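So the structure is just underneath, and the comments pick up after that.
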């Protein structure tokens with residue numbers, strides 16, 4: 001019956017494949033065996049990766065901010081890192097950089113529609129992280 005076992009083992013493994021889960025993999029872009037730049041999950045993770053990215057996005061969820069306002073809201077964030085992070089978020093199409101009229105020239109940053117799409121993801125990540133931290137916390141016995 002070795003052949004039967006091998007067949008049932010193959011069926012068991014096939015049944016375990018995530019590609020059968022239409023919610024996790026609703027289209028062909030998710031049917032990959034390695035990280036791909038076209039996989040929507042990888043794109044979403046790249047959007048929030050990098051130190052300070054989630055905090056900059058969080059602050060912009062409240063509305064447009066100038067560079068100085070962002071620095072004031074995140075006082076331990078250096079100007080260089082903020083400049084780098086904003087540049088990356090603009091390049092990803094998540095943040096728009098608007099030059100305001102007048103002198104001196106002022107700049108305002110705001111989330112694009114794609115940037116606002118990250119709100120539920122950030123909320124879910126926060127909630128999940130809280131539950132994971134609670135599970136890791138030592139229990140008083």
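The values are calculated or read from the model by the stated rules, or taken from the named source; none is laboratory data. Only a predicted model underlies this, so the values are computations on that prediction, with no experimental measurement involved. FYI the Cβ positions are ideal-geometry reconstructions off the backbone, even for glycines, and counts take in every protein chain you see.
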Residues of region 56-81 classified as in a helix (DSSP H, G or I), in contact with a strand residue (DSSP E or B) (Cβ under 9 Å, 6 or more places away or on another chain) and touching a residue at least 24 places away in the same chain (Cβ under 8 Å), total: 5
May I ask you to list the residues in region 18-54 that are assigned to a helix (DSSP H, G or I) and either in contact (Cβ under 8 Å) with a residue 24 or more places away in the chain or surrounded by 15 or more Cβ atoms within 10 Å (Cβ to Cβ) (or both)? 30, 42, 44, 46, 47, 48, 53, 54
Which members of region 93-117 meet the condition of being outside any strand (DSSP E or B), within 20 Å of the chain's Cα centre (by Cα) and surrounded by fewer than 16 Cβ atoms within 10 Å (Cβ to Cβ)? 93, 112, 113, 114, 116, 117
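Given the options 125, 86, name the one that is at pLDDT 95 or above and not in a loop (DSSP other than H, G, I, E, B).
Values: 125 fails: at pLDDT 95 or above.
Unique residue meeting the criteria: 86.
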